[in-house]
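Reading through the structure tokens given below for one structure.
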Amino acid sequence: MGHGHSGHSHDAGAGADRSRLGVALGLIVAFMAVEVAAAVVAHSLALLSDAGHMLADAGAIGFSLLAARLAARKARDFAAADRIRAALAACGVQLEDQPDGRTVWRRE
């Protein structure tokens, strides 16, 4: 016996992808911080090197979110751009939109 699908869809749009990237970035940064702390306590170079690998992953996801935000701004989808800004701010990356259209970011 199946179930009905009236009233909703299983289609994942671009907004869902950006949301998942934000969650992934937050999780990677959190696990990376725990792994660095564990590496220091255990004097483990292996844990520290894995945390460095996670830093590279976090950077790649962060740049993906920046690219998605730039695309949303260009498409004048300011609500999506603001959601991405909030996801990056939760991970400690502040974005500043310049009057000439550029976006400058800094780490807090």
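Taken together, the values in this text are just the output of simple stated rules run on the coordinates, not laboratory data. Source: prediction; values computed, not measured. Heads up, the Cβs are rebuilt from the backbone with ideal geometry, glycines too, and the neighbour counts pull from every protein chain shown.
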* To do: Please list, in chain and number order, the residues 5+ apart from Thr103 or on another chain whose amide H is under 5 Å from its amide H, with Hs placed from the backbone.
  => Gln98
* Pick out, from Ala58, Ala38, Ser19, the residue whose Cα sits farthest towards the positive end of the charge dipole of the range 17-107, with +1 on the Cβ of Lys and Arg and -1 on the Cβ of Asp and Glu. => Ser19
* **Cα-based equivalent ellipsoid of the chain: semi-axis lengths in Å, sorted from largest, via gyration tensor** => 30, 24, 9
* **3J(HN,Hα) from dihedral phi, the range 62-68, Karplus parametrisation 6.51/-1.76/1.60, rounded to Hz, x for glycine, proline** => x, 5, 5, 5, 4, 5, 5
* **Cα Rg, Dmax (largest Cα-Cα span) when computed across the range 59-108, Å** => 10.1, 28
